[in-house]
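One structure is given here, and the rest of the page talks about it.
What follows draws every value from the coordinates through simple rules; no lab data is involved. Small disclaimer: the values here were computed from a predicted structure and weren't measured. Note: ideal-geometry Cβ built from the backbone for every residue, glycine included; neighbour counts use all protein chains shown.
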Amino acid sequence: MTAIRQLNAPCTQLEQIHSRCFDYGWSAGVFADLLIKPHHRTYVFEADGDVVSFVVMAVVEGEGEILTIATDPSYQHKGLARMLMVQVIAALRAEGAESLFLECATDNAYALRLYESCGFKRAGRRKAYYSRKEGEPVDAHILRLALH
Ligand SMILES: CC(C)(COP(=O)(O)OP(=O)(O)OC[C@H]1O[C@@H](n2cnc3c(N)ncnc32)[C@H](O)[C@@H]1OP(=O)(O)O)[C@@H](O)C(=O)NCCC(=O)NCCS
């Protein structure tokens, strides 16, 4: 069985998936902090009771920001992140939010394809924004989706 739900309790699968997906994964403490912060929410996609994909976002005064999104490598390219994005965008529209922002490494072709197919447009660039374990830091695109 699969389902998307908003998370309201700590979940170890978040840091496990994050560390499999990024050079510098976030710790359990970072996820726990985000969970209790007002204006922050985490949506998870579960398969048979296990979190396999998730998105963390903030919403302040009508402006949403995706802080991170990741799908466990063994579940990637099955449409899960797209379903989470559809959920986030629908929730923000229903609340009357104006826009949704995120940052994405300029070399992250899969993520850029996902965001641009959701309607995000490039709104700026941050130089050397992401450190890498190997190689030079990578720039970030700032992407914005107008919700109205
Ligand atoms: C980016 C990421 C979240 C996408 O998650 P996902 O659940 O695999 O994404 P989906 O299956 O919903 O695919 C959405 C779109 O992304 C692109 N995409 C994702 N994986 C792809 C792959 N292996 N090959 C080609 N395109 C891919 C496609 O455009 C796809 O849409 P399509 O299938 O209609 O062509 C996932 O690759 C991931 O966790 N990457 C590591 C963490 C990361 O980079 N997060 C984003 C930081 S900005």
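Return the FRET efficiency for the residue pair K127, V30: r is the Cβ-Cβ distance, R0 is 30 Å, and the value is rounded to the nearest 0.05. In this case the efficiency is close to 0.80. Evaluate the relative contact order of the chain (contact order divided by residue number), counting alpha-carbon pairs under 8 angstrom at least 6 apart; express in whole percent. Answer for the chain is 18 percent. Think of the range 1-89 as a dipole: +1 on every Lys or Arg Cβ, -1 on every Asp or Glu Cβ, centred on the Cα centre; then among T2, M57, Y75, T2 lies furthest on the positive end. Its Cα gyration tensor gives the range 1-52 an equivalent ellipsoid; the semi-axes, largest first and in whole Å, are 18, 16, 8.
By the count of neighbouring beta-carbon atoms within 10 Å, fewest first, F31, F54, F22 end up ordered F22, F31, F54.
Annotation: amide H-H contacts under 5 Å for F120 (H modelled 1.01 Å from N, sequence separation of 5 or more, or interchain): none.
Taking amide H as placed 1.01 Å from N in the peptide plane, T68 has its amide H under 5 Å from the amide H of V56, each at least 5 places away in sequence or on another chain. In summary, the helical segments of the chain meeting the span-like criteria, namely a full DSSP H run, a Cα extent along the axis of 18 angstrom or more and a mean Kyte-Doolittle hydropathy of at least -0.5, are 80-94. Taking every DSSP helix (H) stretch of at least 4 residues in the chain, weighting each as -39,500 (n - 2.57) and dividing the sum by the residue count yields a mean residue ellipticity at 222 nm of -8500 deg cm²/dmol. Cα centroid separation, the range 75-100 to the range 1-64: 14 Å. Where a ≥ b ≥ c are the square roots of the eigenvalues of the C-alpha gyration tensor, would you call the range 2-146 rounded, which needs a/c under 1.5, or, failing that, prolate if a/b is larger than b/c, or oblate? Verdict is rounded for the range 2-146.
Using Cβ point charges alone (K and R +1, D and E -1), the dipole size of the chain about the Cα centre works out to roughly 340 debye. Taking a ≥ b ≥ c as the square roots of the eigenvalues of the Cα gyration tensor, an a/c ratio of 1.5 or more together with a/b no larger than b/c marks the range 73-144 as oblate.
Note that the range 55-61 has calculated 3J(HN,Hα) couplings of 9, 10, 9, 10, 9, 10, 6 Hz, one per residue in order, obtained from phi through the Karplus relation 6.51 cos²θ - 1.76 cosθ + 1.60 (θ = phi - 60°); glycine and proline are x.
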